[in-house]
Amino acid sequence: MSDQHSPIGILDSGIGGFSVVRQVQRLLPREELLYFGDGAHIPYGNHTQQAIVEMARYMFRFMEDRGVKALLVACNTISCVLDRCGGEVSCPVFSAVQAGAEAAARLEADKVGVISTVFTHNSRVYPRSIQALSPRKLVVLSCGCPDLARLVEHSLGDPEGMAQVEENLRLELDHMVLEDRVDCCVLGCTHYPLVSDRIRRLYPGLPLIDPAEEMAQALRARLNGEGLGNPRQSPGPLAVYTTGDVAEYALRAQQVGLERVSHVEYYPPMEL
Ligand code: DGL
């Protein structure tokens, strides 16, 4: 049974969810955070729906066993199949896609662009959700990027890798931004906000929507509303678990600017 002192769970296929941890640490510094990155199976965006659901359930069970009081699905790809992952956790669950769609629907934009994994793109969940939530009649253009999440995952801090990230960004985004001229762009994969400085440099003036900010705000509102905020006086720690490379995760956490990392630990992956 969870209570005020219980941790908040945050999960992703890899380090992308660190973009969400960053926002949660900013808005809710006293909370204790538990992160799970399924490094052994990244990229999720190129897996089948059935595999994604099974891998997500595996991580949900990990979180349930540790009694989290809220679970942030900091993976847009999993968020697209959340309705199939039910029953594994007893706490409130927050979806990255819901957060991104709510933020996009609030903007005064006529043409919204969404970049995401191929799975998220093919699911059409973003266009449907934005159009359902927006009071305006807007056009949503979506672009699936097969390689971008993987490139970001392994390239932070490496000049050659980041040059590849930039090349890939141009390949995927030039048409949407320069030809179709979208009014804004939803970063519909949690890996992409980790390179938002590059995207801003390539497309100056293009408003970017990071679902992570919206997720952290929704979490804060829910915890405050239910009196579930952690009453501790000192800042809360962050424990990181990964089925991938522990040393790489420790380095990425540092590069992304995460604070108070208590430990980074290996956890065995689900067998596919
Ligand atoms: N970061 C994830 C997302 O938001 C998925 C990246 C991947 O594993 O393909 O969709």
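Quick check: from the Cα gyration tensor, does the range 1-116 come out rounded (a/c under 1.5), prolate or oblate?
Here the range 1-116 falls in the oblate category.
Counting alpha carbon pairs within less than 8 Å and at least 6 residues apart, what relative contact order, in whole percent, applies to the chain?
Worked out over the chain, it gives 27 percent.
Between the helical axis of 18-27 and the dominant principal axis of the chain, each derived from Cα atoms, what acute angle in degrees is found, rounded to the nearest 10?
The helix 18-27 is inclined about 70 degrees to the chain.
Relative to the longest principal axis of the C-alpha atoms of the chain, give the angle of the C-alpha long axis of helix 159-174, reported between 0 and 90° and rounded to the nearest 10°.
Once rounded, one gets 50 degrees.
Given only helices, namely DSSP H runs of n ≥ 4 each adding -39500 (n - 2.57), what is the per-residue ellipticity at 222 nm of the chain, to the nearest 500 deg cm²/dmol?
When only DSSP H runs of four or more count, the value is -12500 deg cm²/dmol.
Taking the Cα centre of the range 179-272 as origin, sum charge times position over the Cβ atoms of Lys and Arg (+1) and Asp and Glu (-1), and report the length of that vector in debye to the nearest 20.
Using only the charged Cβ atoms, the result is roughly 340 debye.
Calculate the spin-label point distance for M1 paired with A247, positioning each point 7 Å from the Cα along the beta-carbon direction, and give it in nanometres.
A separation of 4.5 nm, rounded to one decimal place.
Rounded, prolate or oblate: which one fits the range 170-266, using the alpha carbon gyration tensor with axes a ≥ b ≥ c (rounded when a/c is under 1.5, else prolate when a/b beats b/c, else oblate)?
oblate
Starting from the Cα-Cα distance between E108 and E160, subtract it from 0.36 nm times their residue separation and give me the gain in nm to one decimal.
Gain on stretching E108 to E160: 15.0 nm.
Sort the following peptides by mean Cβ neighbour count (other Cβ atoms within 10 Å, averaged over residues), highest first: 73-83, 24-34.
73-83, 24-34
Between R220 and R232, how many nm apart are label points set 7 Å from Cα along the C-beta direction?
Roughly 1.9 nm, to one decimal.
Magnitude of the Cβ-charge dipole of the chain, K/R +1 and D/E -1, about the Cα centre, nearest 20 debye?
740 debye
Label point 7 Å out from R198 along Cα-to-Cβ: which residues of the range 91-130 have amide N under 16 Å?
115-117
Could you tell me whether the range 29-76 comes out rounded, prolate or oblate from its Cα gyration tensor? Rule is a ≥ b ≥ c as square roots of the eigenvalues, rounded for a/c under 1.5, then prolate if a/b exceeds b/c, otherwise oblate.
Since a/c reaches 1.5 and a/b is larger than b/c, the shape of the range 29-76 is classed as prolate.
Taking only protein heavy atoms into account and a 1.4 Å probe, give the accessible area per residue of the range 1-142 in Å².
About 38 Å² of surface per residue is accessible.
Only four residue types carry charge here, +1 at the Cβ of Lys and Arg and -1 at the Cβ of Asp and Glu. Report the dipole size of the range 76-161 about the Cα centre in Debye, rounded to the nearest 20.
Around 500 debye, computed over the range 76-161.
The values are calculated or read from the model by the stated rules, or taken from the named source; none is laboratory data. From a predicted model like this one, the values you see are computed outputs, not experimental measurements. Note: ideal-geometry Cβ built from the backbone for every residue, glycine included; neighbour counts use all protein chains shown. Quick note on the areas: whole protein, heavy atoms, side chains included, nothing else; ligands and nucleic acids left out. Shrake-Rupley method; radii C 1.70, N 1.55, O 1.52, S 1.80 Å.
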